[in-house]
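The values are calculated or read from the model by the stated rules, or taken from the named source; none is laboratory data. In this text, all values refer to a predicted model and were calculated from it rather than measured experimentally. Neighbour counts run over all protein chains shown; Cβ positions are idealised from the backbone, glycine included.
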Amino acid sequence: MPLETIILIAVAAFVLLSVSGAFLVSRRRGRDLELDPNPPPITGRAGTTTLERPTQDLDAQPTDLDTPGLDTPSDADVIELDVQPEPEAPVVKPSFFERLVKARGAFTGYLGGLVGLSKVGDDEWEELEEALIRADVGVKTSMKLIEDVRTEAKETKAEDGAAVLQLLKARMHTELAGKDRSLRIDEGETNVWLFVGVNGVGKTTTIGKLGKRLLAEGHRPLMAAGDTFRAAAADQLGMWAERSGSEFIRGAEGGDPSSVIFDGVAAAAARDCDVVLADTAGRLHNKSNLMDELSKVRRVAAKEPGHVTEVFLVLDATTGQNGMNQAKVFTEAVEVTGVVLTKLDGSAKGGVVFAIESELELPVKLVGLGEGVDDLVDFEPTEFVDALFE
């Protein structure tokens, strides 16, 4: 065999053996990598990270309480939290001061221009008087207030605006001070409280709110629907009586109001009620007849066992000076003991309080400061005047 042939056979055999060996080594390495339970670490620039196989049995099926990859908590791991509900915040009703927003805004708007004046001259005094009149203090009362303040300012040598306003504030405090604003109830008597005023001022609502208040104070009120000319008045009063738990008496529509009041007093005595809250008609189409009717109602209410201790004139504060003319009609008909001023929170004419107390010589005893059943409150003259100047 030639030498060249032998060399070619040897080279071919060598190449064949090399390829076979490489193939076997590759298979072995792949098998080793596949079966090696501890693969070598992977290194990188940030360091070395070891990749580990999860030890959990991947063929296991999770139960209702098992989540793959998470430990199931035992009873010992469960912590019961004693969570107490947060207590409800108490309802804070607005103060007397806060509810006089409109009256304060109007009054301080009129007077605010005086604060920065270094000297109050004749023109400023006239403007101050006009400001009181616009606030419905009344012409007569405004003139008297300014006259008194101007005299005191001269005596004390108060010239600047701030000092004059302080004198006016003090004078208005004095104007409202010293009046009896208590609500009279005589022990052991069947007390009768009459409510007079034109239609729409809030007589029936006032009676309803007072009924709830009297019950809360330990009294036993009876409501008598003496306005027999307006059927809705008796129905409305009956609803208030039911809501407050008060006793209630009504008469026939168009009947004699005095008879209803008389029956109410008799029923109160029989049922051991100590206060009769008597509604009356508010018609003004014939003043003479109205006066006669109200005078009769008061006389009948005072008959035994009745004992009239209060006659309330109910006025709407938003009417301002217009309500004063109405008030004079009713004060001529009956002996009014005090005024209930409704809707004071919604009025920019709060100065009418001074006109009522000065011109009618009547104390404002109760004021309405909202629609709620608890929003009929005692009149606080000091807080009222302070609020006007804030």
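Return yes when residue 228 is over 27 Å from the mean Cα position of the chain (by Cα), polar (S, T, N, Q) and outside the structural domain of residue 289 (by TED's automatic domain parsing) and no when it is not. Even if it seems obvious, please write down each step before you answer.
Values: over 27 Å from the mean Cα position of the chain (by Cα): yes; polar (S, T, N, Q): yes; outside the structural domain of residue 289 (by TED's automatic domain parsing): no.
Spelling it out, it is not the case that residue 228 is over 27 Å from the mean Cα position of the chain (by Cα), polar (S, T, N, Q) and outside the structural domain of residue 289 (by TED's automatic domain parsing).
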**Asked** Would you pick out the residues in segment 176-219 that are basic (Lys, Arg) and not in a loop (DSSP other than H, G, I, E, B)?
**Response** 203, 209, 212, 213
**Complete:** Exception for residue 235 within (1) under 27 Å from the mean Cα position of the chain (by Cα); (2) among the acidic types (Asp, Glu); (3) not assigned by TED's automatic domain parsing to the domain that holds residue 122 falls at (1)
**Item:** Residue within segment 188-208 that is in contact with a Pro (Cβ under 7 Å, 6 or more places away or on another chain), within 25 Å of residue 354 (Cα to Cα) and not basic (Lys, Arg) present
**Value:** no
**Message:** Take the conditions farther than 20 Å from residue 214 by Cα and surrounded by 22 or more Cβ atoms within 10 Å (Cβ to Cβ) and apply them to residue 265. Does it pass?
**Reply:** no
**Asked** Looking at residue 272, is it in contact (Cβ under 8 Å) with a residue 40 or more places away in the chain, in the same structural domain as residue 313 (by TED's automatic domain parsing) and either crowded, with 20+ Cβ neighbours inside 10 Å or more than 25 Å from residue 315 (Cα to Cα) (or both)?
**Response** yes
**Request:** Could you grab the pairs with beta carbons closer than 7 Å, sequence gap of 6+ or different chains, first residue in segment 275-295 and closer than 30 Å to residue 212 by Cα and in the same structural domain as residue 230 (by TED's automatic domain parsing), second one at pLDDT below 80 and among the charged types (D, E, K, R)?
**Result:** 290/283
**Message:** Looking for something modelled with pLDDT under 90 and not assigned by TED's automatic domain parsing to the domain that holds residue 140 - is there at least one such residue anywhere in segment 298-316?
**Reply:** no
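Just to check your reading of the model, which residue among 377, 329, 373, 353 is surrounded by fewer than 18 Cβ atoms within 10 Å (Cβ to Cβ), touching a residue at least 40 places away in the same chain (Cβ under 8 Å) and in a helix (DSSP H, G or I)? Reasoning before the result, please.
On the way: 377 fails: in a helix (DSSP H, G or I); 373 fails: in a helix (DSSP H, G or I); 353 fails: surrounded by fewer than 18 Cβ atoms within 10 Å (Cβ to Cβ).
Selected residue: 329, the only one of 377, 329, 373, 353 that is surrounded by fewer than 18 Cβ atoms within 10 Å (Cβ to Cβ), touching a residue at least 40 places away in the same chain (Cβ under 8 Å) and in a helix (DSSP H, G or I).
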**Prompt:** Of (1) under 26 Å from residue 223 (Cα atoms); (2) among the acidic types (Asp, Glu); (3) touching a residue at least 24 places away in the same chain (Cβ under 8 Å); (4) surrounded by fewer than 15 Cβ atoms within 10 Å (Cβ to Cβ), residue 390 satisfies all except one. Which?
**Reply:** (1)
**Prompt:** Looking at residue 112, is it closer than 18 Å to residue 161 by Cβ, in a helix (DSSP H, G or I) and modelled with pLDDT under 85?
**Reply:** yes
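Conditions tested, residue by residue: (1) under 27 Å from residue 319 (Cβ atoms); (2) at pLDDT below 95; (3) in contact with a Phe, Trp or Tyr (Cβ under 6 Å, 6 or more places away or on another chain).
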{"residue": "202", "(1), (2), (3)": "yes, yes, no"}
{"residue": "209", "(1), (2), (3)": "yes, yes, no"}
{"residue": "216", "(1), (2), (3)": "no, yes, no"}
{"residue": "221", "(1), (2), (3)": "no, no, no"}
{"residue": "231", "(1), (2), (3)": "yes, yes, no"}
{"residue": "241", "(1), (2), (3)": "no, yes, yes"}
{"residue": "245", "(1), (2), (3)": "no, yes, no"}
{"residue": "255", "(1), (2), (3)": "no, yes, no"}
**Request:** Only one of these is over 29 Å from the mean Cα position of the chain (by Cα), under 17 Å from residue 305 (Cα atoms) and small (Gly, Ala, Ser): 288, 258. Name it.
**Result:** 258
